[in-house]
Amino acid sequence: MEAGAAAGTEPAGEAEAEAAEALRLLRIEPSAAGDAGAGRAGGEPGPCSRNALRKRRRWLRVLAARRGKRRQERQRRRARRAAAHGNGDGPGAALGGGPAGPGPPPPRRGRVPAALATERLLRARAAGPRLCVDLGVGGSMTEKESGRLASQIRRLYGANRRAARPFWLCLTEFAAGTPIYEQCFRMNDGFAGYLMDTTPESYLDLFPLEAIVYLTPDSENVLEDIDPSKVYVLGGLVDESIHKQLTLRRAREQGLQTARLPIREFMVRAPNCRNYHSETLAINQVFDVLATYYETQSWPAALRAGVSSGKGYVLPDPAEQAETAQRATAAQGNALLCAEELQEAPA
């Protein structure tokens with residue numbers, strides 16, 4: 001009887017822990033939950049009590065769903081490891097499993113060991129390239145837009161941390177008391193520990209003018225390569241709220257070089273019902289393009305990684321691309337032949 005009672009208290013204790021976690025996430029004091037229970041026992045509960053209980057039940061369902069997803073993911077990983085070791089072509093077989101047992105499991109896809117990521121980031125800090133997010137350009141953004149920009153900064157930092165050849169990041173004009181400052185610390189867990197520079201100063205005060213390249217979709221210059229000695233600047237704006245040529249005007253007023261991604265040169269417009277085609281990308285999408293190109297030295301691969309189909313641009317069909325290249329080569333050959341004939345012609 002006592003053993004059965006003790007066993008019965010374990011789920012209850014676990015349920016109490018889950019409820020406490022749900023209340024913590026909702027920032028509801030445990031006393032409020034106690035008052036809700038007392039109100040229900042003594043009489044009709046107040047509106048606040050009903051809201052607290054409803055939120056508590058909802059979060060318990062959310063936590064249960066998360067546990068189920070984690071359990072299924074663990075089962076899938078075990079099945080993949082078992083299949084790899086059972087077939088003899090997993091890491092253990094390659095390293096010679098033998099009596100010592102199989103080798104260590106492969107690292108999780110998409111994850112980089114913390115020490116390796118830190119080493120790569122510090123190498124980029126010393127040797128470049130550098131990428132600055134200009135937060136001084138978005139002074140008129142609403143609180144909602146600032147929240148979206150903070151989320152894009154988080155995704156940009158995460159992608160940079162996973163990159164094989166990362167950039168060194170810097171947030172300029174990142175001043176305390178501004179909406180983006182508050183949103184970054186509110187929405188991004190561990191933001192204070194991000195391995196990057198944050199400063200209230202302008203990039204104009206940090207780097208020589210000849211080293212700065214402002215990336216803007218309105219520029220007439222095409223970005224052909226990434227130079228580690230350069231500092232690339234992105235306008236800290238949410239892509240839906242960008243005003244036409246705002247970043248281009250800012251760069252010109254400051255006497256800076258400008259460049260745009262080679263979207264028009266490597267991609268074609270895709271027909272869509274809205275006839276919508278835009279070269280304006282979110283800052284994390286621009287970074288995906290830059291990081292992929294810096295690693296692969298392939299603009300088609302880079303644009304495929306960062307430009308979503310919703311922008312109205314797609315890479316051309318490989319056969320069509322080969323035909324275009326063949327036509328360009330033939331045209332170049334004809335031009336050379338004409339030049340030679342003109343040189344050989346008598347005066």
Is there a residue in segment 156-166 that is among the basic types (Lys, Arg) and part of a strand (DSSP E or B)? no
Would you pick out the residues in segment 122-152 that are at pLDDT 90 or above, out of contact with any strand residue (DSSP E or B) (no Cβ under 7 Å at 6 or more places or on another chain) and of a type in the set (A, V, I, L, M)? 122, 126, 127, 149, 150
Looking only at segment 164-174, decide whether some residue is closer than 20 Å to residue 226 by Cβ, open to solvent by 30 Å² or more (accessible area, probe 1.4 Å) and not aromatic (Phe, Trp, Tyr). yes
Scan segment 278-290 and give yes if some residue there is more than 19 Å from the chain's Cα centre (by Cα), open to solvent by 30 Å² or more (accessible area, probe 1.4 Å) and either modelled with pLDDT of 95 or more or acidic (Asp, Glu) (or both), otherwise no. no
Has segment 169-182 got any residue that is β-branched (Val, Ile, Thr) and part of a helix (DSSP H, G or I)? yes
Please verify whether residue 150 is free of Cβ contacts under 8 Å to residues at least 40 places away in the same chain, of a type outside the set (Phe, Trp, Tyr) and in contact with a Cys (Cβ under 7 Å, 6 or more places away or on another chain), treating the condition exactly as stated. yes
Residue match in segment 216-225 (condition: polar (S, T, N, Q), open to solvent by 60 Å² or more (accessible area, probe 1.4 Å) and outside any helix (DSSP H, G or I)): yes
Within segment 153-190, the count of residues that are within 26 Å of residue 119 (Cα to Cα) and modelled with pLDDT of 90 or more comes to 25
Taking residue 237 as meeting all but one of (1) in contact with a Phe, Trp or Tyr (Cβ under 9 Å, 6 or more places away or on another chain); (2) within 15 Å of residue 287 (Cα to Cα); (3) assigned to a loop (DSSP other than H, G, I, E, B), write down the number of the exception. (1)
Of all residues being outside any strand (DSSP E or B) and among the hydrophobic types (A, V, I, L, M, F, W, C) in segment 247-269, which is most open to solvent (accessible area, probe 1.4 Å)? Just the residue, please. 266
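The values are calculated or read from the model by the stated rules, or taken from the named source; none is laboratory data. Everything numeric in this text was worked out from a predicted model, so none of it was measured. Virtual Cβ from ideal backbone geometry, glycine too; neighbours counted across all protein chains shown. We work out accessible area using only protein heavy atoms, side chains counted, and drop any ligands, DNA or RNA first. Shrake-Rupley method; radii C 1.70, N 1.55, O 1.52, S 1.80 Å.
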